[in-house]
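Here is the structure we will look at, set down as structure tokens.
Values quoted throughout were computed directly from the atomic coordinates according to the rules given, and no laboratory measurement underlies them. Just so we're clear, the structure is a prediction, and the values are computed from it rather than from any experiment. Positions of Cβ are backbone-derived with ideal geometry, glycine not excepted, and every protein chain shown enters the neighbour counts.
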Amino acid sequence: MKNLNLILFAVLIFSGLVFSSCQEKSEAEKVAEKIEETSEEIGDLFRTEQEELQHDIKEAKQELDDKIAELKKNLNEVKEGAKDGISKQIDKLEMQSEKLGERLDNTGDQIADNWDDFKDDVRTQLKEIKRDLKN
């Protein structure tokens, strides 16, 4: 979000300089169109990143839910001594799945506040989940 703000600020300053130095209305209109096009491109890039992250969250959540279902199914088939460890693993994975669900639900709110921090936090959580699923 900070980068987007800086880009938009730079574009606005540039456009202000161009507008103040332009003598012809047609040149000012051309600059305004370029600014609008640039803003649209930035918005498209932002939406693409957001959609990609939401897809990754949904995919990881599905993997977690599948693993949880598999562990619960196998829980009845293992010896009594191993049940405690598997139950703890199920609990941990269920917590991660719940957190991912919350992240997915709050994506829009978090993005408005600070996209970069939100994205980094989610990516870190996704890496941790993938690591845990391999164990």
### Candidate lysines for bridging to residue 92, where Cα separation is under 26 Å - those fewer than 8 sequence places away on the same chain excluded
58, 61, 67, 72, 73, 79, 83, 119, 127, 130, 134
### Message
Can you give the FRET efficiency to the nearest 0.05 for residue 102 and residue 74, using r as the Cβ-Cβ distance and R₀ = 25 Å?
### Response
0.35
